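> Provided herewith is a single structure, encoded as C-alpha cells, for subsequent inquiry.
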Amino acid sequence: MSQKLIDIEISGHQINISGALSIKLQLAKGFEYIGNQEIVIYDCAKVFHYVFTNYYTNKQKERHISKLFFLQHEYFLPKVNKSYKYESMDILELGGILWQRDNFIDRTTYDDWEPNSDVFQLITFVEKNKYIFPSMVFTNRLVTMLNEEKNQELLILYLEEIVEEKWKKLRSNGQLVDFQWKKEQIELQKRALSSFTVL
C-alpha cells in the first residue's frame with residue numbers, strides 16, 4: 001500500500017479530511033497554522049504532519065509553544081509488511097468514527113529522540129518555523145485505522161507544555177503519583193477535546 005487513502009485540506013482554522021473517512025474539524029481560537037511536512041521515518045513509513053501552534057512570547061520575544069495540535073497521517077511503504085497496533089481500550093466516538101485514545105508524558109528534547117523518529121522531525125519542523133518546543137509535554141492521542149490491513153492510520157494529537165509547578169504536583173520521590181496522574185489525564189482529555197470542534 002503506497003497510495004494515500006485520505007486527503008487533508010486546511011482553510012484557516014478548519015480542517016477538511018476526505019477519502020477513506022470524512023470529517024471536518026474546527027480549531028479553537030488561539031491556534032495558528034504553521035504548515036505541513038512530508039517525511040519518511042526509519043525507511044519504512046511515510047508521514048504527513050499538519051501543525052497548529054498556541055504560543056506565548058517571552059521578554060526576548062521568543063515564541064514558546066504552550067499547546068500544539070497536529071494531524072499525523074502515516075502509512076507503511078510497499079516494501080514493509082506491517083500493521084499498526086495500539087493497546088488502549090479507551091474508545092471514543094467523534095464524527096461517526098471510532099478512535100482509540102491514550103495519554104502520556106514525553107520529554108521532547110533532541111537528545112531523547114532518534115533523528116529518524118517522527119517526534120524528532122516534528123520538533124525540527126516547529127523550531128525551523130521559529131518556535132521553541134517545550135522540554136516536556138502532556139500528550140492526548142486519538143488514532144483510527146484507515147483500512148482493514150491496518151497499515152494506514154490517522155492520528156489527532158494535542159500536546160501541552162508541562163510547567164514546573166504542575167510537574168512537582170505529579171511527582172513524589174522521583175516517581176509519578178498514580179492518583180494525581182489519573183486525575184490529570186481526565187483534565188487533559190477535557191482540554192484536548194476543547195481544542196477543536198467536529199463540524
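The values are calculated or read from the model by the stated rules, or taken from the named source; none is laboratory data. From a predicted model like this one, the values you see are computed outputs, not experimental measurements. Every residue, glycine among them, receives a Cβ derived from its backbone with ideal geometry; neighbour counts consider all protein chains shown. Accessible surface areas use protein heavy atoms only, side chains included; no ligands, DNA or RNA. Shrake-Rupley method; radii C 1.70, N 1.55, O 1.52, S 1.80 Å.
> Taking the residues in region 42-92 that are in a strand (DSSP E or B) and open to solvent by 50 Å² or more (accessible area, probe 1.4 Å) as candidates, determine which candidate is nearest to residue 186 (Cα to Cα).
Top of the filtered list is 91.
> Please work out if residue 102 is in contact with a Ser or Thr (Cβ under 7 Å, 6 or more places away or on another chain), more than 24 Å from residue 6 (Cα to Cα) and surrounded by fewer than 17 Cβ atoms within 10 Å (Cβ to Cβ).
Judged against the criteria, residue 102 is not a match.
> Scan region 26-45 and report the pairs whose first residue is under 23 Å from residue 75 (Cβ atoms) and whose second residue is among the charged types (D, E, K, R), with Cβ atoms within less than 6 Å and a gap of 6+ or a chain change.
Qualifying pairs under 6 Å: 40/46; 41/118; 45/74.
> Now for a separate question. Residue by residue through region 179-193, note down the ones that are over 19 Å from the mean Cα position of the chain (by Cα) and open to solvent by 100 Å² or more (accessible area, probe 1.4 Å).
Hits for region 179-193 are 179, 182, 183.
> Moving on to the next point. Answer yes if at least one residue in region 169-178 is farther than 21 Å from residue 64 by Cβ, small (Gly, Ala, Ser), open to solvent by less than 80 Å² (accessible area, probe 1.4 Å) and not in a loop (DSSP other than H, G, I, E, B), and no otherwise.
Scanning region 169-178, I find at least one residue that is farther than 21 Å from residue 64 by Cβ, small (Gly, Ala, Ser), open to solvent by less than 80 Å² (accessible area, probe 1.4 Å) and not in a loop (DSSP other than H, G, I, E, B), so the answer is yes.
> In addition: Show the residue pairs meeting these rules: Cβ distance below 6 Å; 6+ apart or different chains; first residue within region 101-112 and over 13 Å from residue 143 (Cβ atoms); second residue assigned to a strand (DSSP E or B) and charged (D, E, K, R).
none
> Just for region 105-135: of the residues that are assigned to a strand (DSSP E or B) and modelled with pLDDT of 95 or more, which one is farthest from residue 22 (Cα to Cα)?
Step by step, filter region 105-135, then rank; the result is 132.
> How many residues, within region 135-154, are in contact (Cβ under 8 Å) with a residue 24 or more places away in the chain and open to solvent by 10 Å² or more (accessible area, probe 1.4 Å)?
10
> Collect the residues in region 79-119 that are farther than 28 Å from residue 178 by Cβ and among the basic types (Lys, Arg), keeping them in residue-number order.
Selection gives 79, 82.
> While we're looking at this one, here's another question. Within region 155-191, work out how many residues are in contact with a Ser or Thr (Cβ under 9 Å, 6 or more places away or on another chain) and either touching a residue at least 24 places away in the same chain (Cβ under 8 Å) or small (Gly, Ala, Ser) (or both).
Within region 155-191, residues that are in contact with a Ser or Thr (Cβ under 9 Å, 6 or more places away or on another chain) and either touching a residue at least 24 places away in the same chain (Cβ under 8 Å) or small (Gly, Ala, Ser) (or both) number 9.
> Can you tell me how many residues within region 15-25 are open to solvent by less than 50 Å² (accessible area, probe 1.4 Å) and either among the aliphatic types (A, V, I, L, M) or touching a residue at least 60 places away in the same chain (Cβ under 8 Å) (or both)?
Selection size over region 15-25: 5.
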